[in-house]
Structure formats: C-alpha cells, structure tokens
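Presented below is the structure to which this report refers.
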Amino acid sequence: MSYETQKFDDGQVSAKLTNPNNLHVKLRGNSYEDLFKAASIKEAWDHQTGDKGQAELTLYCLIAQRSDRRFNENESFDLKVVARFINQMGFDRVNLLHPHSSVTPALIEKSRILSHLEYVKKAYHDLNNPVLISPDAGAYKEAHGIAETLGASLIPANKVRVDGAPKIELQGDVTGKTCLIVDDIADGGRTFIRLAHRLRESGAEKVYLYVTHAMFHYGFNEVEEALDGVYCTNSYRDLSHPLIRQYDVLGQNL
C-alpha cells in the first residue's frame with residue numbers, strides 16, 4: 001500500500017503517501033467517507049508527483065449506484081453527484097466491480113468494469129452445475145451471457161400482474177432441480193425470497209442465491225427460511241453467517 005489514511009474525531013479524513021510511485025487506490029466505495037479518502041489520497045499524490053505517473057482507483061461497491069436516474073423532478077440524481085465527484089479527482093482509470101447498470105460507467109470517466117463471472121463460476125461449480133435463474137427482465141441479458149459462457153441452463157423469471165395481483169412466472173421446468181438465482185445486489189432480499197418460494201412451489205429441490213454485492217441490512221431470518229444458501233463477495237461488507245459463502249475481492253491484485 002502506498003498511502004495511509006486517518007479519520008479525526010470531527011469526521012475529517014486525511015491522507016499521507018508512503019510511496020510516491022504509481023498509485024492504485026482500492027476501496028469498497030460504499031460510503032461517502034471512502035470517496036473522501038480517495039480524493040484526499042489523490043490530492044496528496046498530485047502534490048507529491050506533479051500528476052506524473054499513473055493513478056488508478058478501484059471501487060468494489062460504489063455508493064448510490066442504484067440511484068441511476070432522477071426518480072422525481074424535485075429529487076437529486078445521486079449517482080450523477082457521486083460520478084462528478086469521482087471525475088473531479090482525475091484518476092487515469094477507475095475500476096468498478098459489477099455496477100448495477102450501464103449508467104454508472106457511462107457517467108464515470110475512464111471507467112472499466114471488473115467482471116463478476118469468476119465468482120458466479122465458483123458458485124456454479126460448487127453446486128455441481130445448477131440451473132441458473134434470472135430474477136426479472138432487467139437481469140436477463142446479463143444472466144444469459146453468464147449461462148452461455150458456463151454452458152449452463154437458464155430459466156427466466158418474470159414479474160406479471162394477474163387480475164391486478166403480482167405474480168412470478170417461470171419460463172421453464174425446475175422440478176427436482178437445484179437452482180441458482182443470479183443478480184447484482186441484495187439488500188432486504190424480499191425479491192429473492194418471493195422468487196425462492198415460487199421456485200419451490202414449482203418443484204425445485206434446492207434454491208441458492210448469488211449476488212456480488214451482499215448488503216442484507218435487515219438480517220437473515222426470512223432469507224434463511226427461503227434459501228438453502230447465499231454466495232457473494234465481500235465488496236460491500238464482511239459477513240459471518242452459516243447461510244453465507246463469501247469470496248474475497250478486497251485482497252486481489254488488480
């Protein structure tokens with residue numbers, strides 16, 4: 001590591017370089033504090049080197065990535081605010097692990113997407129080649145690409161309304177099969193809980209979930225009733241729970 005950071009009692013973040021060579025800042029990026037750390041480190045590096053050399057930023061779980069549009073005219077476009085702040089830092093490259101949508105790399109200059117495929121692959125082989133499930137229409141394109149790469153079967157799920165009531169439709173037979181739902185982020189997990197129940201009602205023997213960014217702010221009580229296991233990375237936080245199998249991304253040499 002070529003830098004150190006310090007947080008003062010009043011919340012101020014400060015940085016000090018320990019090696020003024022080429023810079024690679026690696027942070028979760030899941031808080032505004034992390035973004036200020038990145039900005040402080042880059043400012044110290046610019047001053048020390050005169051902006052000569054290469055400065056790279058890797059963010060594993062960018063804050064506000066789900067706020068990828070202005071939801072109401074009188075509300076802020078939060079991802080745009082974050083992207084502007086990152087762009088102003090002036091990094092030569094910004095690596096983003098599995099962003100929620102294409103809006104994030106479109107807004108962040110000089111960005112490069114880090115694939116999550118290797119982690120899905122690990123989960124897939126650990127479960128002895130399950131059927132992949134895309135949870136909704138928005139996730140289908142990405143899940144289809146993963147299924148083609150792995151040579152896996154894919155069954156799409158779609159949310160529809162029947163007589164005004166929400167319903168999940170499955171476009172395939174899951175009877176007696178092990179299923180792996182694949183998506184990017186799990187927060188409360190209710191979408192996956194409902195889908196898991198639907199898969200079991202349709203005859204699935206086992207139901208697992210893969211998400212790159214595992215938040216689970218509301219705990220695991222309902223999740224563990226619905227799912228047989230969760231595969232994820234530690235991009236957002238480290239988790240310790242019997243249900244969870246977590247892959248480390250923070251220690252990777254990118």
Exercise. What nm distance separates the two modelled labels at Asn21 and His197, each placed 7 Å from Cα along Cα→Cβ?
Worked result: 5.6
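Any of Lys80/Lys167; Lys159/Lys206; Lys141/Lys167; Lys26/Lys141; Lys16/Lys80 with alpha carbons more than 31 Å apart? Name them for me. Intermediate values should be presented prior to the final figure.
Values: Lys80/Lys167 34 Å; Lys159/Lys206 21 Å; Lys141/Lys167 21 Å; Lys26/Lys141 29 Å; Lys16/Lys80 28 Å.
Correct reply: Lys80/Lys167.
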For this session: May I ask for the distance between the Cα centers of segment 111-180 and segment 37-51, given as a whole number of Å?
Result: 42
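Give me the dipole magnitude in Debye, nearest 20, for the chain about the Cα centre, with unit charges on the beta carbon: positive for Lys and Arg, negative for Asp and Glu. It would help to have the intermediate numbers written out before the result.
Numbers: 29 positive and 34 negative charges, 68 e Å.
That gives a dipole near 320 debye.
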Exercise. In segment 73-177, which trypsin sites (Lys or Arg not before Pro) fall in coil by DSSP and have 10 or fewer other Cβ atoms within 10 Å?
Worked result: none
Seminar exercise, completed: Measuring from the longest principal axis of the C-alpha atoms of the chain, the long axis of helix 117-126 (C-alpha) lies at a number of degrees, nearest 10, equal to 40
Problem set entry | Loop-located trypsin sites (Lys or Arg not before Pro) in segment 1-68, at most 13 other Cβ atoms within 10 Å (DSSP) | Lys52
For this session: Quick one: angle between helix 32-49 and the longest Cα principal axis of the chain, in degrees between 0 and 90, rounded to 10, please.
Result: 40
For this session: Please go through segment 51-120 and write out the chymotrypsin sites (Phe, Trp or Tyr not before Pro) that DSSP classes as loop and that have at most 11 other C-beta atoms within 10 Å.
Result: Phe71
Problem set entry | Helix 78-89 axis, angle to the chain major axis (alpha carbon atoms, nearest 10°) | 30
Exercise. If each of Lys80 and Ser240 carries a label point 7 Å out from its Cα toward its Cβ, how far apart are those two points in nm?
Worked result: 4.3
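Could you work out the helix-only [θ] at 222 nm for the chain, with each DSSP H run of four or more residues adding -39,500 (n - 2.57) and the total divided by the number of residues, to the nearest 500 deg cm²/dmol?
Details: 7 runs with 77 residues, N = 254.
Dividing the helical sum by the residues of the chain leaves -9000 deg cm²/dmol.
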Problem set entry | Label-point separation in nm, Gln171 to Phe220, each point 7 Å along Cα→Cβ | 3.3
Problem set entry | Paramagnetic reach from Tyr140 (point 7 Å along Cα→Cβ, amide N under 14 Å) across segment 182-213 | none
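No value in this document is a laboratory result; all are computed from the given coordinates. Note that the structure is predicted; figures quoted are calculated from it, not measured. So basically every Cβ, Gly included, is an ideal-geometry build from the backbone, and we count neighbours across all protein chains shown.
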